[in-house]
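Read the structure below first, then the notes.
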Amino acid sequence: AQQQRNLDNIVLQQPRIGSKRKSKKDAYTIFDTEMESTSPKSEQDSGILDVEDEEDDEEVPGAQDLVDFSPVYRCLHIYSVLGARETFENYYRKQRRKQARLVLQPPSNMHETLDGYRKYFNQIVGFFVVEDHILHTTQGLVNRAYIDELWEMALSKTIAALRTHSVYGFPVNQLFDMLLEIRDQYSETLLKKWAGIFRNILDSDNYSPIPVTSEEMYKKVVGQFPFQDTELEKQPFPKKFPFSEFVPKVYNQIKEFIYACLKFSEDLHLSSTEVDDMIRKSTNLLLTRTLSNSLQNVIKRKNIGLTELVQIIINTTHLEKSCKYLEEFITNITNVLPETVHTTKLYGTTTFKDARHAAEEEIYTNLNQKIDQFLQLADYDWMTGDLDNKASDYLVDLIAFLRSTFAVFTHLPGKVAQTACMSACKHLATSLMQLLLEAEVRQLTLGALQQFNLDVRECEQFARSGPVPGFQEDTLQLAFIDLRQNVVSHE
């Protein structure tokens, strides 16, 4: 510019207009006398726009508050003075097309996280916010036809990218259609995220009833999880809720998932019924697949104890009861009544039934394995003539273990505790019978048979003591009837 205009060398000694950061107001007024608007950057850096850190406290910041456009305006002014405005316009548009292609190229791992999608969409929107601002603050550096062309390219490339792995007045109908198409993909991404959340909750739980020592703590728990128990309310502090920490945590994460589903449906022009249906279907998947797998993994974990299994049964019982509150929660945020035609129901309650049944079966198996461990200590001398006049030590220890175990079952549903007790007694009777039948190949002394009889009496006494309430008369003792008859026949 100096050479073309034969300017005096003293110009070089003048402070550069843009050498120091000026306020936005100054940047705009510099060229007000020569042009109504302003312009991008020099050929060396026209594609890079400086983001300013300062924020406007009085109003929501716009593009001009977040991006320093003065280098663009300065370049446009210089090229205009030199009579080469068209050269700069062509250069600017060419460079921005290249940058648009880079912006529209999604990261390879974008589909793995919600944050990946968020960054991808933000950079696309940001690109067009900048172009929209340039359109309205310069005289022809870009025009509507150029921006529309870029936008069409952006739509096609964005839709293609999303199919494989409030926007400044631009038409987004195609995006709406595409977003509906990828709804299932979005749901899968959410389910993957919540699988990790549930896993962390279940892994960190102590599987012990939640203790509370004050009214404040009590109200905090019932504020997180819908639970009412007048008997527990009457009890003095300290006291315990029947469920462990993972119950309110899981319940609240289900609600967070529902909120995430609702967020996706915003501004997609869907009816309330469509939104309600989408949320219920996604929540059913969360329960029947994601949460179900997490619970099953815990239940099938090696070395899981009876105490943990009992707590899981109690927890899933309370979570199942809470599903009606989740139904109401969805109704409240979608304003679609449950009786509305075609409304999807939450059938995810089966998740908690299935988990509970799996835990029950694991308890029965676990009990039988413990009984087998005690029986391995049995050492009957079938040829002995001595008699201790008391039950064998291993059996006394086994009965003590069963008593303490069934004492923990007090909070279990009645049928579960009864089934577990009956199953344990039948397994014990069958195992003792097997010991006796194996002994028939050898000679049995009267002393050995009397010792065995004392052990059977110990088992019968345990059955009569009612280790688990709810059995009618001698129902539990019937588990040992065949064993008793075999002992009598041997005698």
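The values are calculated or read from the model by the stated rules, or taken from the named source; none is laboratory data. As the structure is a computational prediction, the values presented were derived from the model and not from experiment. Positions of Cβ are backbone-derived with ideal geometry, glycine not excepted, and every protein chain shown enters the neighbour counts. Side chains included, ligands, DNA and RNA excluded: accessible areas come from the protein's heavy atoms. Shrake-Rupley method; radii C 1.70, N 1.55, O 1.52, S 1.80 Å.
Filter region 204-255 for residues that are among the small types (Gly, Ala, Ser) and either open to solvent by 20 Å² or more (accessible area, probe 1.4 Å) or touching a Leu at 6+ places or on another chain (Cβ under 7 Å) (or both); which is nearest to Glu328 (Cα to Cα)?
Across region 204-255, the extreme among qualifying residues is Gly223.
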Does at least one position in region 278-286 carry a residue that is over 30 Å from Gln185 (Cβ atoms) and of a type in the set (Val, Ile, Thr)? no
In region 86-108, the residues that are in a helix (DSSP H, G or I) and among the hydroxyl-bearing types (Ser, Thr, Tyr): Thr87, Tyr91, Tyr92
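Taking the conditions exactly as written (outside any helix (DSSP H, G or I) and open to solvent by 20 Å² or more (accessible area, probe 1.4 Å)), does Gln64 satisfy them or not?
Answer is no for this residue.
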Name every residue in region 127-167 that is open to solvent by 30 Å² or more (accessible area, probe 1.4 Å), within 27 Å of Leu190 (Cβ to Cβ) and either in contact with a His (Cβ under 9 Å, 6 or more places away or on another chain) or of a type outside the set (A, V, I, L, M) (or both), in order of residue number. Ser156, Lys157, Arg163, Thr164, His165, Ser166
Find the residue count for region 369-409, including only residues that are over 20 Å from Leu444 (Cβ atoms) and polar (S, T, N, Q). 5
Need at least 3 residues that are touching a helix residue (DSSP H, G or I) at 6+ places or on another chain (Cβ under 7 Å) and among the hydrophobic types (A, V, I, L, M, F, W, C) per element, so show me which helices (runs of 4 or more DSSP H) inside region 210-273 make the cut, counting only ones lying wholly within it. 246-265
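Matching residues to (1) in a helix (DSSP H, G or I); (2) at pLDDT 80 or above; (3) touching a strand residue (DSSP E or B) at 6+ places or on another chain (Cβ under 7 Å):
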residue: Thr410; (1), (2), (3): yes, no, no
residue: Gln418; (1), (2), (3): yes, yes, no
residue: Met422; (1), (2), (3): yes, yes, no
residue: Leu428; (1), (2), (3): yes, yes, no
residue: Ser431; (1), (2), (3): yes, yes, no
residue: Leu435; (1), (2), (3): yes, yes, no
residue: Val441; (1), (2), (3): no, no, no
residue: Leu444; (1), (2), (3): no, no, no
residue: Phe452; (1), (2), (3): yes, yes, no
Can you tell me which residues in region 203-218 are within 21 Å of Thr317 (Cα to Cα) and not β-branched (Val, Ile, Thr)? Asp203, Ser204, Asp205, Asn206, Tyr207, Ser208, Pro209, Pro211, Tyr218
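A quick yes/no check of all residues on (1) at pLDDT below 85; (2) surrounded by 13 or more Cβ atoms within 10 Å (Cβ to Cβ); (3) within 30 Å of Lys192 (Cα to Cα):
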| site | (1), (2), (3) |
| --- | --- |
| Ser19 | yes, no, no |
| Glu34 | yes, no, no |
| Asp56 | yes, no, no |
| Val60 | yes, no, no |
| Pro71 | no, yes, no |
| Arg96 | no, yes, no |
| Thr113 | yes, yes, yes |
| Arg118 | no, no, yes |
Can you pull out every residue in region 170-196 that is open to solvent by less than 40 Å² (accessible area, probe 1.4 Å) and closer than 17 Å to Leu287 by Cβ? Ser187, Leu190, Leu191, Trp194, Ala195, Gly196
Checked region 80-94 for anything open to solvent by 40 Å² or more (accessible area, probe 1.4 Å) and either among the aliphatic types (A, V, I, L, M) or closer than 20 Å to His133 by Cα (or both); matches are Ser80, Val81, Leu82, Arg85, Glu86, Asn90, Tyr91, Arg93, Lys94
Return the only residue of Lys263, Lys255, Lys220 being assigned by the TED database to the domain that holds Arg301 and at pLDDT 90 or above. Lys255
Among the candidates Phe406, Phe352, which residue alone is modelled with pLDDT of 85 or more, crowded, with 17+ Cβ neighbours inside 10 Å, aromatic (Phe, Trp, Tyr) and assigned by the TED database to the domain that holds Val250? Phe352
Would you confirm, using the coordinates I've provided, whether Ser187 is more than 20 Å from Thr410 (Cα to Cα) and assigned by the TED database to the domain that holds Leu326? no
Candidate set: region 464-478, residues that are modelled with pLDDT of 85 or more and more than 45 Å from the chain's Cα centre (by Cα); chosen: the one most open to solvent (accessible area, probe 1.4 Å): Arg464
